[in-house]
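Q: For reference, the structure I am asking about is given below.
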Amino acid sequence: MTLNTQVAARLDEVASLLSEQGASPFRVQAYRRGADTMRRLGRPVNEILEQEGLEGLRELPGVGDRLAFAIRDLVRFGKLPMLDRLRGEADPVELLQTVPGIGRVHSGRLHELGIDSLEDLEAAAHDGRLADIAGLGHKRVAGIIDSLANRLGRFRPVHENLDRAPVEELLDVDGEYRELAEAGKLHKIAPRRFNPSGEAWLPILHTHRGERHYTALFSNTARAHQLGKTQDWVILYYDGPAGERQATVVTARVGALKGKRIVRGREEECAQYYSTQLRPASGG
């Protein structure tokens, strides 16, 4: 089986799982078109990526930004985090280990600190948290930053946060997910981790806001199980100009926002959002 055929098969599987889980037919069709393009391609897709980069992938028929990033990950890393997630096989510790400089011990420690995605890892590298972890010196942290910048396809400084969804949108998707999950209206998948019985218990939602596509699931990490938060912490995955982004929405346990849903790491923005919601309308 050629590499092009392998990539096509993975894109076909994404399309099938999205369809089964109730995603938009337009999104399903986009992955099927991408698979067809890979099968009909007259040259190896890895050659296009090496010689022309992401731009070369974007110029292929039926391949836009989202599919270009997906194809790149399949070619470079042999796997697609989105596909693992749809299968119920997502493992944040394993994902962190794919970053050069992060081994098994460090990935476990990072997971314990609540770092479960490449975006979380990137933020921790920039804000100094990685420097406090034994064995991760300044040179290694710098290498991790460079590796993540390349892998996440950064074209602008991270601190600009130009591709982050607004907190009000994230909270709205979180509300939709929890409401539908409680009503039993969502497709459920059987996660591979922490699920010895193989039960299909994890609700999954595919929705959109404008051009942003979202996938929402309750957290199935070791930390969520340890703290009894598997029905509270919601992980949101969505599209951004630099690739897929991730956000975690939880119920605040302390402070002025106690009891309210907040986006972890964006508490100040959530406080501003709630203050506008509580502010009485001015009379006219």
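The values are calculated or read from the model by the stated rules, or taken from the named source; none is laboratory data. It should be emphasised that the depicted structure is a prediction, and the values quoted were computed from it without experimental measurement. Cβ sites come from the backbone with ideal geometry, for glycine too, and all protein chains shown count toward neighbours. Please note that ligands, DNA and RNA were not included when accessible areas were found on the heavy atoms of the full protein model with its side chains. Shrake-Rupley method; radii C 1.70, N 1.55, O 1.52, S 1.80 Å.
Q: Being open to solvent by less than 30 Å² (accessible area, probe 1.4 Å), out of contact with any strand residue (DSSP E or B) (no Cβ under 6 Å at 6 or more places or on another chain) and either hydrophobic (A, V, I, L, M, F, W, C) or within 30 Å of A181 (Cβ to Cβ) (or both) is true for just one of L3, L49. Which residue is that?
A: After ruling out the rest, the residue left standing is L49.
Q: Kindly provide the set of residues from region 13-29 that are assigned to a helix (DSSP H, G or I), in contact with a strand residue (DSSP E or B) (Cβ under 8 Å, 6 or more places away or on another chain) and either open to solvent by less than 50 Å² (accessible area, probe 1.4 Å) or farther than 30 Å from L205 by Cα (or both), ordered by number.
A: The answer is L18, R27.
Q: On to the next question. Take region 46-60 and flag every residue that is in contact (Cβ under 8 Å) with a residue 12 or more places away in the chain and assigned to a loop (DSSP other than H, G, I, E, B). Outline the logic, then answer.
A: First, pick out the residues of region 46-60 that are in contact (Cβ under 8 Å) with a residue 12 or more places away in the chain: 46, 48-49, 54, 57, 60.
Within region 46-60, L60 is the sole residue that qualifies.
Q: Looking only at region 207-220, which residues are crowded, with 22+ Cβ neighbours inside 10 Å and farther than 17 Å from V263 by Cα?
A: Answer for region 207-220, where residues must be crowded, with 22+ Cβ neighbours inside 10 Å and farther than 17 Å from V263 by Cα: just N220.
Q: Inspect region 277-284 for any residue being assigned to a helix (DSSP H, G or I) and either at pLDDT 90 or above or open to solvent by less than 30 Å² (accessible area, probe 1.4 Å) (or both) and give the result as yes or no.
A: Checking region 277-284: not a single residue is assigned to a helix (DSSP H, G or I) and either at pLDDT 90 or above or open to solvent by less than 30 Å² (accessible area, probe 1.4 Å) (or both).
Q: Only one of R66, R10, R32, R72 is in a helix (DSSP H, G or I), under 17 Å from E244 (Cα atoms) and open to solvent by 60 Å² or more (accessible area, probe 1.4 Å); which?
A: R66
Q: Can you name the number of the only condition in (1) touching a residue at least 40 places away in the same chain (Cβ under 8 Å); (2) crowded, with 21+ Cβ neighbours inside 10 Å; (3) not small (G, A, S) that L83 fails?
A: L83 satisfies all of (1) touching a residue at least 40 places away in the same chain (Cβ under 8 Å); (2) crowded, with 21+ Cβ neighbours inside 10 Å; (3) not small (G, A, S) except (2).
Q: State all residues of region 157-182 that are outside any helix (DSSP H, G or I) and either open to solvent by less than 50 Å² (accessible area, probe 1.4 Å) or at pLDDT 95 or above (or both); if no residue qualifies, say none. Walk me through it before giving the result.
A: Within region 157-182, the first condition is being outside any helix (DSSP H, G or I), and the residues that meet it are 157, 161-166.
If the condition is that a residue be outside any helix (DSSP H, G or I) and either open to solvent by less than 50 Å² (accessible area, probe 1.4 Å) or at pLDDT 95 or above (or both), then D163, A165, P166 are the ones that fit.
Q: Does V63 fit the bill of being among the β-branched types (V, I, T), in contact (Cβ under 8 Å) with a residue 24 or more places away in the chain and farther than 16 Å from L136 by Cβ? Break it down into steps so the answer makes sense when it comes.
A: Working: among the β-branched types (V, I, T): yes; in contact (Cβ under 8 Å) with a residue 24 or more places away in the chain: yes; farther than 16 Å from L136 by Cβ: yes.
The answer is yes for V63.
Q: Being open to solvent by 30 Å² or more (accessible area, probe 1.4 Å), at pLDDT 80 or above and not β-branched (V, I, T) is the filter here; which residues of region 107-146 pass it?
A: The answer is H138, K139, R140, A142, G143, D146.
Q: If only one of L136, L110 is part of a loop (DSSP other than H, G, I, E, B), among the aliphatic types (A, V, I, L, M) and free of Cβ contacts under 8 Å to residues at least 60 places away in the same chain, which one is it?
A: L136
Q: Tell me which of these N150 doesn't satisfy, since it passes every other one: (1) over 16 Å from the mean Cα position of the chain (by Cα); (2) modelled with pLDDT under 80; (3) polar (S, T, N, Q); (4) surrounded by 13 or more Cβ atoms within 10 Å (Cβ to Cβ).
A: N150 satisfies all of (1) over 16 Å from the mean Cα position of the chain (by Cα); (2) modelled with pLDDT under 80; (3) polar (S, T, N, Q); (4) surrounded by 13 or more Cβ atoms within 10 Å (Cβ to Cβ) except (4).
Q: Would you check if there is a residue in region 216-239 being touching a strand residue (DSSP E or B) at 6+ places or on another chain (Cβ under 9 Å), more than 22 Å from R109 (Cβ to Cβ), assigned to a strand (DSSP E or B) and free of Cβ contacts under 8 Å to residues at least 24 places away in the same chain?
A: Within region 216-239, not a single residue is touching a strand residue (DSSP E or B) at 6+ places or on another chain (Cβ under 9 Å), more than 22 Å from R109 (Cβ to Cβ), assigned to a strand (DSSP E or B) and free of Cβ contacts under 8 Å to residues at least 24 places away in the same chain.
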